[in-house]
Every structure is written in structure tokens, then in C-alpha cells.
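See below for the structure under consideration.
What follows is calculated from the coordinates using simple rules that are stated; it is not laboratory data. Quick caveat, the model's predicted, so the values are computed rather than measured. All Cβ positions, even for glycine, are placed from backbone atoms using ideal geometry, and neighbour counts span all protein chains on display.
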Amino acid sequence: MASERRVLVTGITGQDGSYLAELLVEKGYHVTGMVRRSSSENFERIAHLVDRIELRQGDLLDQLSLVNLLQDLQPHEVYNLAAQSFVPTSFSQPILTAEFTALGVTRLLEAIRLVDPTIRFYQASSSEMFGNVPESPQSETTPFQPRSPYGVAKLYGHWITLNYRESYGLFTCSGILFNHESPRRGREFVTRKIAEGASRVALGLAERLELGNLDARRDWGYAPEYVEVMWLMLQQERPVDYVIGTGEQHTTREFCEVAFAHLGLDYRPYVQVAPRFLRPAEVNSLLADASKAHRELDWKPRTSFTELVQIMVDAEVDRLRREKPPEGR
Ligand code: NAP
Ligand code: G4F
């Protein structure tokens, strides 16, 4: 126990939490995931890991649960990945989003300050904080102009992380991550929605796919590669913030094009724009300048845009084939 490296991951049931837990288990850490109580278990993404990690209940809304967890576990590192992370929900539930995604960060930082100020802390910041981008590509020095309650909440989390570093000398840092995707992405996010929708059309399970803005431009990378950076950031001598992305931009329309083409189809007859998927305010264009991470962390993305789309489509086809009832039933 004395020489063992201990780590607490919030948001372990999410996309990134599950990949980060895999990475940390491989590295020999004792991994504890904080999960919130729900009426039915939601461990789909970590089912293959549950006998190699510990799960403990806690909630970013509940200060005492965070203090108690840190006192019990005495972790060396804390990765705060928990958040209300879906942008449209932040417009319909802005206050809840602020509670989780903004104030939740302060609750966790206060718990660290109280229990053990030597704990190293990673905050999951987001390119959504850039919003209405004043320059392209975006780097660590680009000003923030968030365009959604989610972006505003993440910006609060970002600044409070920096503030605790400057005010109390804590080892706290933020990764400003651009969109990263995988077969474990939540189904409502556009990449997974397109991968699933295209696969349904190809398998004869759906006739069309309804989407919102087909001209939005994003810098999409592969999630398992992005969690490596989270760990790298906490192994540095000093806490520093980094922008992480591929440096390549594509539209949602191009994502459709590549996904349907991988299944031998032209996306155009199947994809329709439905106004209900448009946002009150849109982030039109995001593109990362991750040169500081290339230089200082020796990190670079390895999976191309086309490979990412194909990985996601192949995973959906496999899943749908497994779920499809046999003929005649
Ligand atoms: P995700 O799949 O939506 O996972 C979010 C996680 O947060 C889930 O485990 C969820 O638990 C947990 N959570 C939500 N509210 C909580 C609360 N009150 N207390 C405790 N846990 C709570 O998100 P992701 O894509 O893995 O992203 C991880 C983090 O990176 C998020 O903070 C996200 O905002 C940020 N980020 C993501 C991207 C991206 O492209 N994926 C880019 C930049 C930043 P349940 O399972 O119980 O719901
Ligand atoms: O996949 P999205 O919902 O991701 P968004 O809004 O960029 O946010 C994701 O990335 C952020 C990093 O920049 C994270 F911080 C955040 O937590 C989340 O992981 O939408 C991507 C784009 C948007 O421009 C949206 O308007 O796709 C457009 N879009 C078009 N049709 C759609 C749809 N998005 C969704 N979710 N559903 C559609 O039908």
C-alpha cells in the first residue's frame, strides 16, 4: 500500500473515464472511480474493468462525499472528468450544468486543499470555451468567447483550476481538449449519431438520419490517444495547461460522407436537416494548434479522420448485428 500509486477518477463511467481507467490500470495504479448513485447501474463502458478497479459513491454536488472520499483513499492524483458534457442539455438545464460542470470543480479543489494539498489535479477543460473564435487555429493564448452555458461553465472550471494553482500553490492543470470520439462516445453526440444512423440505414433498420448543422467544423480526434495526455500532464515537474487536438478540421457533412461511403452509400438521399437539432447559438469552427503539447509532452495524435470514422462505423455495424433479432422472430 505504501509504495502503490493511488488515483481517483471522477466520470469513470463516461467515454474518457473508461479509457483513462484502462491506461492507469496498465500503468500499475490502484484506480478508484467515483460513481454517483443511480437506480440502475450504468457500468457498460467499464464492465471489462470492474474487477481491476474500485468503485466508490460520490457526487460533485455533494461536498462532504468528496472530502470523505479523499480522506479514505489518500490518492496521489485526481482526474476530474465528471461533467454534464452535452451542449444542447446545457441550454435546457443551464443551472444544473453550472452546478456539475462549474461549481463541481471548486468543490473538488476545496476538498483537495482541505485533505491533502500535495494531490495532483487534472481538470477536463474544453475547446468549447473558445466559442466564437477570434483566431484560427486556437492555442493556449487564444482568448475565450464561449457560446453555450456548457462553455461558460467549463470556463469557470478552467479559471478556478488556474486560480487554485496561483493562490495556494496546488499542482492543478487543465487540458483544453478538442472533440475526441470513439465507439464509447455517448449516442447523442454527432459522430456516434452519424456512425449509428449510417449503419442503421445500411442494415435496413432505418430510412433516414436527421441532423442539425451540417456545416459546423470540428477538430475530431480518437479518445484513447487523448487520455494519454491527461496522465502525461500530471507527470511533469510543473503544472501547465495544454491545448490538445489534431490540427485538422472537418464538417459534420464530411463526417456523413465518409461514414456512408464506408458502407458503400451516398449520404445525400438519407441525411436530412431537422431544425430541432439546431442550437440557440452555435460554435461554427474549432481547430487546434497543439504545437506546445507536441514540443513539451512529445504527444501527437496517431489516428486519421478517415480511420476514426471507419472505427466508429465498424463498431456500430458489429453492435447492431449482435442486437438484431434473428430472421423470422
Ligand atoms: P461523458 O461520456 O459525458 O461522461 C461524463 C461523466 O461524468 C459520466 O461518468 C457521468 O456519470 C459523470 N457525471 C456527471 N455528473 C456527475 C456528478 N454530478 N457527479 C459525479 N459524476 C458525474 O463525457 P466524456 O466525453 O467522457 O468527457 C469527459 C470530460 O471531458 C467531461 O468533463 C467533458 O465535459 C470533457 N470534455 C470532453 C470532450 C470530448 O470531446 N469528449 C472534449 C473536451 C472536454 P453518469 O454515468 O452517472 O452519467
Ligand atoms: O457532437 P457534438 O454534440 O459536440 P460539441 O457540441 O462540439 O461538444 C463536444 O465537444 C466539446 C469539445 O469542443 C466537449 F467539450 C463537449 O463536452 C462535447 O464532447 O456536436 C458537434 C457539432 C455541433 O456543431 C453541432 O451543432 O455537430 C453539430 N451537429 C449537427 N447535427 C449535431 C447534430 N450535434 C448533435 N449532437 N446532434 C446532431 O444531430
Normalised by the residues of the stretch 1-75, what does the relative contact order come to in percent, with Cα pairs under 8 Å and at least six apart?
32 percent
Describe numerically, in nm with one decimal, the distance between label points set 7 Å from Cα along Cα→Cβ at Gln71 and at Glu207.
6.1 nm
Do the sum for the chain: with -39,500 (n - 2.57) for every DSSP H run of n ≥ 4, divided by all residues, what is the mean residue ellipticity at 222 nm, to the nearest 500 deg cm²/dmol?
-12000 deg cm²/dmol
Over the chain, the quotient of the Cα radius of gyration and 2.2 N^0.38 Å is 1.00
Go ahead and run the numbers for FRET between Glu140 and Ser40, Cβ-Cβ distance against an R0 of 35 Å, rounding to 0.05.
0.30
Which FRET efficiency value, to the nearest 0.05, is calculated for Asp116 and Ile95 with the Förster distance at 51 angstrom and r the Cβ-Cβ distance?
0.95
Taking the chain, the lysine pairs whose C-alpha atoms sit under 27 Å apart (8 or more places apart or on different chains) add up to 8
Relative frequency of Cα-Cα separations exceeding 20 Å in the stretch 242-329, percent
58 percent
Extension gain, Asp314 back to Glu26 (0.36 nm per residue minus Cα-Cα distance, nm)
101.1 nm
What do you get for the angle between helix 104-115 and the principal long axis of the chain? Use alpha-carbon atoms, 0 to 90 degrees, nearest ten.
30 degrees
Around Ser174, which amide H atoms from residues at least 5 apart in sequence, or from another chain, sit under 5 Å from its own amide H, with H modelled in the peptide plane?
Gln123, Asp241, Tyr242
Taking H as built 1.01 Å from N, whose amide H comes closer than 5 Å to the amide H of Arg217, not counting residues under 5 places away?
Ser285, Leu286
Per residue Cα convex hull volume in Å³ - calculated over the stretch 1-134
133 Å³
Students often get this wrong: which residues of the stretch 62-83 have the backbone nitrogen under 18 Å from the point 7 angstrom along Cα-to-C-beta of Ser3?
76
Under unit Cβ charges (Lys, Arg +1; Asp, Glu -1), what dipole magnitude, rounded to 20 debye, does the stretch 246-329 have relative to its Cα centre?
280 debye
Given charges of +1 on the Cβ of Lys and Arg and -1 on the Cβ of Asp and Glu, with all other atoms neutral, how large is the dipole of the stretch 176-262 about its Cα centre, in debye to the nearest 20?
300 debye
I'd like the trypsin sites (Lys or Arg not before Pro) in the stretch 200-263 restricted to DSSP loop residues with at most 14 other Cβ atoms within 10 Å, sorted by number.
Arg208
Under the definition of Cα pairs under 8 Å and six or more residues apart, what whole-number percent is the relative contact order of the stretch 51-106?
33 percent
